[in-house]
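The values are calculated or read from the model by the stated rules, or taken from the named source; none is laboratory data. Bear in mind that the values here come from a model prediction, so they are computed numbers and not experimental data. Glycine also receives a Cβ, built like all others from the backbone with ideal geometry; neighbour counts cover every protein chain displayed.
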Amino acid sequence: MSMSNYLTTREAAELLGVSVPTAQQWVERGLLKCWKTDGGHRRILHASALEVLESQRQKAALAQAPYVMPVLIVEDDIHLIRLYKLHMASWPFGTTAYVAPNGYEALVLVGEMRPRLLVCDLRLPGVNGFNVVRGLCEIERFKDMGIVVISGLPLPEIDAHGGLPARVEVMGKPVDFARLQAIASRLWEAGPV
């Protein structure tokens, strides 16, 4: 075996930017792969130290990465979905758009991904947007999620269906993308919840 493939504990610690005792603990926990000499000295596999170093770099890069806000679009019109995605891609802050074509899938996705912003139509197949929005507004863990309803229904008709919770922003169609962006920008600046 070539000794150039191995590092002493001190060399590994210097490479990783940690103390010698930390490198020793990492060996004991199995984070660094090594073998011991007859004299009891550790010889750490150089490739193992490089793997840990790369993992540290990736974690540091993620910590430095800008926040990307998850947005859930609940809409069954594929043309409007494309338009939402096109506009969101041009916003000066990071978003990731997810789509649910009906209320049932929206409720499942909200539980899985916890969007920062929900953009919801009211007329949906199956579970309608009224039930989605009202249900989510009653759940404590979603109290900070922004909710925007975009509908072609006039306000008196929305009121005739029982209205919507006060915290919900209501917009008509055609979509006012500048207003939607302003709402999203406020949520993005507030950060994740």
Practice task
Tell me, yes or no, whether the range 14-29 has at least one residue that is small (Gly, Ala, Ser) and closer than 30 Å to VAL175 by Cβ.
Solution key: no
Exercise for the section: Could you run through the range 114-135 and say how many residues are of a type in the set (A, V, I, L, M, F, W, C), without any contact (Cβ under 8 Å) to a residue 60 or more places away in the chain and under 16 Å from LYS85 (Cβ atoms)? Expected result: 2
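Kindly establish whether LEU122 is more than 28 Å from TYR67 (Cα to Cα) and in contact with a strand residue (DSSP E or B) (Cβ under 6 Å, 6 or more places away or on another chain). Before you say what the answer is, go through the steps one by one.
Working: more than 28 Å from TYR67 (Cα to Cα): yes; in contact with a strand residue (DSSP E or B) (Cβ under 6 Å, 6 or more places away or on another chain): yes.
For LEU122, the condition - more than 28 Å from TYR67 (Cα to Cα) and in contact with a strand residue (DSSP E or B) (Cβ under 6 Å, 6 or more places away or on another chain) - is met.
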Completion exercise
Taking first residues from the range 154-175 that are farther than 17 Å from LEU80 by Cα and second residues anywhere that are exposed (fewer than 12 other Cβ atoms within 10 Å of the Cβ) and among the β-branched types (Val, Ile, Thr), the pairs with Cβ under 7 Å that are 6 or more apart or on different chains are none
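Do we find a residue being under 19 Å from PRO115 (Cα atoms) and among the β-branched types (Val, Ile, Thr) anywhere in the range 151-164?
Step one: of the range 151-164, the residues under 19 Å from PRO115 (Cα atoms) are none.
Scanning the range 151-164, I find no residue that is under 19 Å from PRO115 (Cα atoms) and among the β-branched types (Val, Ile, Thr), so the answer is no.
Just for the range 40-88: of the residues that are small (Gly, Ala, Ser) and part of a loop (DSSP other than H, G, I, E, B), which one is modelled with the lowest pLDDT?
Start the filter on the range 40-88 by keeping residues that are small (Gly, Ala, Ser), which leaves 40, 47-49, 55, 60-61, 63, 65.
In the following step, the residues that additionally are part of a loop (DSSP other than H, G, I, E, B) were identified as 40, 65.
Details: GLY40: 84, ALA65: 67.
The qualifying residue modelled with the lowest pLDDT is ALA65.
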Practice task
Return a yes/no flag: does the range 1-10 have any residue that is surrounded by 11 or more Cβ atoms within 10 Å (Cβ to Cβ), under 30 Å from VAL133 (Cβ atoms) and modelled with pLDDT of 90 or more.
Solution key: no
Practice task
Output the number of residues of the range 27-41 satisfying the condition of being out of contact with any Lys or Arg (no Cβ under 8 Å at 6 or more places or on another chain) and either surrounded by fewer than 11 Cβ atoms within 10 Å (Cβ to Cβ) or acidic (Asp, Glu) (or both).
Solution key: 6
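With respect to ILE158, is the statement that it is within 19 Å of GLY103 (Cα to Cα) and in the same structural domain as TYR84 (by TED's automatic domain parsing) true?
On the way: within 19 Å of GLY103 (Cα to Cα): yes; in the same structural domain as TYR84 (by TED's automatic domain parsing): yes.
Judged against the criteria, ILE158 is a match.
Report yes if ALA23 is surrounded by 15 or more Cβ atoms within 10 Å (Cβ to Cβ), in contact (Cβ under 8 Å) with a residue 12 or more places away in the chain and not in a loop (DSSP other than H, G, I, E, B), otherwise no. Steps first, answer last, please.
On the way: surrounded by 15 or more Cβ atoms within 10 Å (Cβ to Cβ): yes; in contact (Cβ under 8 Å) with a residue 12 or more places away in the chain: yes; not in a loop (DSSP other than H, G, I, E, B): yes.
The answer is yes for ALA23.
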